[in-house]
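*Asks:* Below you will find the structure I want to go over with you.
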Amino acid sequence: RIVDAAGGHPLQLWGWGEVKASGPWRPVRLKVLGPDGEVAGGAQVLVRRLPAPFRSLSYVPRGPFVAPDGVGSEAARTAVIDAVVAYCKREIGGVGVTIEPDWDESTPIAASGLQRASNTILYPSTLILDLTRSEDDLLAAAGKSTRYDIRKAGRSGLEVRRVTSEAEVRDVIDLYRVSAAHAGFPLHDDEYYLAIHREMGDASLLVAAFSEGKPCSFVWSVVSGATAFELYGGVDDAGRKLRANAPVKWHATRLAAEAGVRRYDMNG
């Protein structure tokens, strides 16, 4: 509730910390209060143990967040960052704190001791759709072939819908393995993806296209009150033949918009 009320990113949600806790990370949730006792911002810090003498690394994925819109004023950003770093230094220790806020690169950050990293963990550049725009505006900005694929989906026998049952999530994971083998990229084990489904709950937005009862294309996002953040996507030969990717992604953006989400971040 705090993350959503402050306009924070879905990777700052409690459930995402639980997902990462299934591996080598330990989540630490910090709430920063202003002088009036109200929530000024906060951070979910993921802590990973390192060999001696480094001890640990603290990482804040797409955070901290600063009320009321996730970004706040420059003074508020500075106060929240300083508070988070001070806590990590005092209570966690280790080699330092890496932050990757969900802020435009031009956003001024005046907190002391910051150094720009030479590399990043998450993609530093991405495409973000403004979901406050009308469907007609968003479609008009898409390519002609994309609009055609979206409109054709119903006529081609595709069933495009949200996936909520664990059995169908497992089917989507199987599809993802086919897609990964085709494209040549590694995956987590199945339990990691099942943890996202279980721990994120309603904040897990998994949309798939089904052909003859089996998923052939999917896109998987996590969603906060303000932002949908795309994690994974895949397609098999049947999905490619049916040109299922565009209607799947379109349906995901429409579900996010209907839930009041303002931004759809394609994560790259």
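The values are calculated or read from the model by the stated rules, or taken from the named source; none is laboratory data. These numbers come from a predicted model, not from an experiment. Don't worry about glycine lacking a Cβ; one is built from the backbone with ideal geometry, like all the others, and counts go over all protein chains shown. Side chains included, ligands, DNA and RNA excluded: accessible areas come from the protein's heavy atoms. Shrake-Rupley method; radii C 1.70, N 1.55, O 1.52, S 1.80 Å.
*Asks:* Output the residues belonging to the range 175-223 that are small (Gly, Ala, Ser), surrounded by 14 or more Cβ atoms within 10 Å (Cβ to Cβ) and either free of Cβ contacts under 8 Å to residues at least 60 places away in the same chain or in contact with a Phe, Trp or Tyr (Cβ under 9 Å, 6 or more places away or on another chain) (or both).
*Replies:* Selection gives 179, 180, 203, 204, 208, 209, 211, 217, 221.
*Asks:* Sticking with this structure for a sec: Assigned to a helix (DSSP H, G or I) and farther than 30 Å from residue 104 by Cα: which single residue out of 240, 254 fits that description?
*Replies:* From the options 240, 254, the qualifying one is 240.
*Asks:* Go through the range 197-221 and give me each residue that's within 26 Å of residue 238 (Cα to Cα), within 16 Å of the chain's Cα centre (by Cα) and not polar (S, T, N, Q).
*Replies:* Listed by number, the residues that qualify are 197, 205, 206, 207, 218, 219, 220.
*Asks:* Checking residue 81 against (1) more than 23 Å from residue 199 (Cα to Cα); (2) open to solvent by 30 Å² or more (accessible area, probe 1.4 Å); (3) not in a loop (DSSP other than H, G, I, E, B): exactly one of these is not met. Which one?
*Replies:* (2)
*Asks:* Can you tell me which residue in the range 89-129 is modelled with the lowest pLDDT, limited to those that are β-branched (Val, Ile, Thr), surrounded by 13 or more Cβ atoms within 10 Å (Cβ to Cβ) and outside any helix (DSSP H, G or I)?
*Replies:* Going through the qualifying residues, I end up with 109.
*Asks:* Now a separate question. Give me a count of the residues in the range 92-122 that are of a type in the set (D, E, K, R), without any contact (Cβ under 8 Å) to a residue 60 or more places away in the chain and touching a Lys or Arg at 6+ places or on another chain (Cβ under 8 Å).
*Replies:* 1
*Asks:* Let me ask something additional. Kindly list, by first and then second residue, each pair from a residue in the range 236-257 that is within 18 Å of residue 145 (Cα to Cα) and modelled with pLDDT of 95 or more to a residue that is assigned to a helix (DSSP H, G or I) and aliphatic (A, V, I, L, M), limited to pairs with Cβ atoms under 7 Å and residues at least 6 apart or on different chains.
*Replies:* From residues that are within 18 Å of residue 145 (Cα to Cα) and modelled with pLDDT of 95 or more, the pairs are 246/150; 247/150; 247/153; 250/150.
*Asks:* If you scan the range 130-139, which residues turn out to be touching a Lys or Arg at 6+ places or on another chain (Cβ under 8 Å), surrounded by 12 or more Cβ atoms within 10 Å (Cβ to Cβ) and in a loop (DSSP other than H, G, I, E, B)?
*Replies:* 131, the sole residue that qualifies.
*Asks:* Looking at (1) touching a strand residue (DSSP E or B) at 6+ places or on another chain (Cβ under 8 Å); (2) polar (S, T, N, Q); (3) in contact (Cβ under 8 Å) with a residue 60 or more places away in the chain, which is the only condition residue 156 fails?
*Replies:* So residue 156 meets the others, but not (1).
*Asks:* So, one more: Would you pick out the residues in the range 16-42 that are over 16 Å from residue 226 (Cβ atoms) and small (Gly, Ala, Ser)?
*Replies:* 17, 21, 22, 23, 34, 37, 40
*Asks:* Here is a follow-up. What pairs can you find where one residue is in the range 123-145 and touching a residue at least 60 places away in the same chain (Cβ under 8 Å), the other is of a type in the set (Asp, Glu) and open to solvent by less than 60 Å² (accessible area, probe 1.4 Å), and their Cβ atoms are less than 6 Å apart, with a gap of 6+ or different chains?
*Replies:* 126/265; 128/265
*Asks:* Filter the range 140-160 down to the residues that are loosely packed, with under 14 Cβ neighbours inside 10 Å and of a type in the set (Lys, Arg) and list them by number.
*Replies:* Scanning the range 140-160 gives 144, 151, 155.
*Asks:* Only one residue in 40, 86 is modelled with pLDDT of 95 or more, part of a strand (DSSP E or B), out of contact with any Lys or Arg (no Cβ under 7 Å at 6 or more places or on another chain) and closer than 22 Å to residue 112 by Cβ, so which one is that?
*Replies:* 40
*Asks:* Let me ask something else. If a residue must be within 28 Å of residue 223 (Cα to Cα), part of a loop (DSSP other than H, G, I, E, B) and open to solvent by 60 Å² or more (accessible area, probe 1.4 Å), how many such residues does the range 44-73 contain?
*Replies:* 3
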